[in-house]
Structures are given as structure tokens and as C-alpha cells.
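*Asks:* Have a look at this one.
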Amino acid sequence: MISNIDHIAIAVHDLENALERFRTLIGATDEQILIEEVPSEKVRVAFIQVGNSKIELLEPLGTAGPISKFLEKRGEGLHHIALETENLEAEIERAVKENLLPISNPSEGAGGKKVVFFNPKDTSKVLVEFIQKIQD
Ligand code: ZN
């Protein structure tokens, strides 16, 4: 079951600048904000907690990663929507049965979570991520 919108991710050129504007718009406190580098994805990420969901700002690290390429092609804007599940494998299986195919195998994303992305061609050009939090 999909239980929650975990985050909405936006690609930005300048993380500090974007974070400041979103922080101000939302009225977020320091406790609501987390900044993290994910070298494997070549991004720097700022999470702003908003209720049960987060706004995730993605800034490229260098010019070789997917966010850098996205910005080059499309400029700043909505990058993906992440939907939370407690059973990633079951949700992938359910989607595949409906002919909605993941574009990669499940992998470890920011914050030590299991994630998988679906083909945006099937979802009105919006990249959709399924995410399962790892219980520790
Ligand atoms: Zn994400």
C-alpha cells in the first residue's frame, strides 16, 4: 500500500538560495531542516519537513550527475514525487502487473532508504519514486 507522500523534490541551481526562499515561504524552523550530501547520486540535498512530508531541494555536485543533466535540459523545477510504502517489493510487483515499469532496480537513496523510480513517460512526464524506510 502507498501510505504517504514522502517528499516532493525540486531541482535547483543554488541550494542555499533556494532553501532560504522555501524556508521563508513555509516559515520553517532550523529543526525542520536537514542538509545532506549524497555523493553516489552527485547531489546535495536539503529536506524541509512539512507535516508528514518533506520538500526536497536537489543541487548538483559537479556536472556529471542526473540532477546536473536535468537542470541543463529543463532548468529548475519539479524533479520527482516520492510515495512511501512499507513493502517496496509488493508495490513494485503491483505496478508491474499494471504495466507500469520501474526504470531501475531498487537502490539505496538519501537517508538510507530503499527507493525505485518509474518511467515518467507513464506518469505525465513526472518522475515518481517509491520509497521504503529502513527500520533500524
Ligand atoms: Zn526522492
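*Asks:* Which condition number does residue 17 fail, the rest of (1) without any contact (Cβ under 8 Å) to a residue 24 or more places away in the chain; (2) in a strand (DSSP E or B) being met?
*Replies:* Among (1) without any contact (Cβ under 8 Å) to a residue 24 or more places away in the chain; (2) in a strand (DSSP E or B), the lone unmet condition for residue 17 is (2).
*Asks:* Pairs, please: C-beta under 9 Å, at least 6 apart or cross-chain, first residue outside any strand (DSSP E or B) and in the range 72-85, second modelled with pLDDT of 95 or more and not small (Gly, Ala, Ser)?
*Replies:* Correct list of pairs: 75/13; 76/10; 76/12; 76/13.
*Asks:* Within the range 26-68, track down each residue that is more than 17 Å from residue 14 (Cβ to Cβ) and aliphatic (A, V, I, L, M).
*Replies:* Once the filter is applied, which keeps residues that are more than 17 Å from residue 14 (Cβ to Cβ) and aliphatic (A, V, I, L, M), the range 26-68 yields 26, 28, 34, 38, 50, 64.
*Asks:* Then there's this: Provide a single number: the residues in the range 95-133 that are more than 12 Å from the ligand (Cβ to nearest atom), assigned to a loop (DSSP other than H, G, I, E, B) and not aliphatic (A, V, I, L, M).
*Replies:* Residues flagged as more than 12 Å from the ligand (Cβ to nearest atom), assigned to a loop (DSSP other than H, G, I, E, B) and not aliphatic (A, V, I, L, M) within the range 95-133 amount to 10.
*Asks:* For the range 59-101, give me each residue that is under 30 Å from residue 20 (Cα atoms), among the basic types (Lys, Arg) and surrounded by fewer than 12 Cβ atoms within 10 Å (Cβ to Cβ).
*Replies:* Within the range 59-101, 73 is the sole residue that qualifies.
The values are calculated or read from the model by the stated rules, or taken from the named source; none is laboratory data. The shown structure was predicted, so the numbers you read here are calculated from the model rather than taken from an experiment. Don't worry about glycine lacking a Cβ; one is built from the backbone with ideal geometry, like all the others, and counts go over all protein chains shown.
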